1. So what's Rg/Rh here for the range 208-257, counting alpha carbon atoms and using the Kirkwood radius for Rh?
2. Please go through the range 170-202 and write out the trypsin sites (Lys or Arg not before Pro) that DSSP classes as loop and that have at most 16 other C-beta atoms within 10 Å.
3. Take the Cβ-Cβ distance between Phe61 and Leu188 as r, set R0 to 41 Å, and report the resulting FRET efficiency rounded to the nearest 0.05.
4. Taking the Cα atoms of the range 130-268, what is the range of coordinates along each of the three principal axes, in descending order and whole Å?
5. Using the scaling law 2.2 N^0.38 Å as the reference, what is the normalised Cα Rg of the range 45-199?
6. Taking the Cβ-Cβ separation of Leu209 and Leu130 as r and a Förster radius of 45 Å, what is the calculated FRET efficiency to the nearest 0.05?
7. Sorted from fewest to most neighbouring beta carbons within 10 Å, what does the list Met204, Met163, Met132 look like?
8. Listed highest first by mean packing, meaning other Cβ atoms within 10 Å per residue, what order do 164-176, 144-156 come in?
Amino acid sequence: MLVPGFLNLIRPFNFDLFCTGKKFLIFNLVSRDLKIKYRRSFLGFFWTVLHPLILCGIYYFIFHEILQVKIPNYVIFILSGVIPWTFFSTSVIEGTETLIGNASLLTKVPIPPQTFPFVACLTNFITFLLAMPIVFSFGLILGVSYGFQLLYLPLLAVILFSMAYSLALILSVAYVHLRDLKHAIGLLMQIWFYATPILYKTEMVPQNLQAIIYINPLGALFTCFHQVFLGDQLLTSNLLISVAWAAVFYLFAIAVQVKKAKRALEYL
């Protein structure tokens, strides 16, 4: 009884998106978004590489040269955090506005509402994957020894995508009812960025503030990214915590999709 019930619960969330017709739809929507993203841009796709590199250069100068943060291979440390974060934050911010932004299409064509947050995340995930070789290139130049820990990278990427997509879907439905989210989400993502060990190690956080790291859904996951790209041993506990948080986000997104998505469409 429980298994069929759960399958019925997740079916509207998951997704008949991958039947033949929906695959064609997703392909075209992703292609459209990529073209719009780089239309009339002189550097085009190179902004995907240039933007995080410039950010990393700024962070390196401030934290390493001015604040004297002493972390070995700090360039790799920053890159291995900033590039995944750029994917996550951009996906969540863009995904939040997808239902409103595609209201005219949703009200005329029977398209599952979860399609548009998914497309936003998939578009950014493609640029994230294309930016990954930058981190490896810098790592090889700086003498980082990579081993079997690289096998964890696809799993970490899937966990990050799942969390970004689940959160984007939740917020896209909430944004239909609460338009203030447009102004709040950017600020919240900025706070989340500094609350996540992206530019610093967990051990550098004062003992009385350690709880912030452990209750942060991205804390353990970004520690895993650092460990993989720096050639360090990946802690199984961090991986399990990341999987657990991804499952929580996913189940919450299912609940929102099942109970609130249809009602949200009525407000478009």
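Coordinate-derived values only; no laboratory data. Everything numeric here is computed off the predicted structure, so don't read it as measured data. Here the Cβ is made from the backbone with ideal geometry for all residues, glycine too, and neighbour counts use every protein chain on show.
1. 1.07
2. Qualifying residues, ordered by number: Arg179, Lys201.
3. Once the sixth-power term is evaluated, E becomes 0.95.
4. 56, 35, 25
5. 1.17
6. It comes to 0.80.
7. Met204, Met132, Met163
8. 164-176, 144-156
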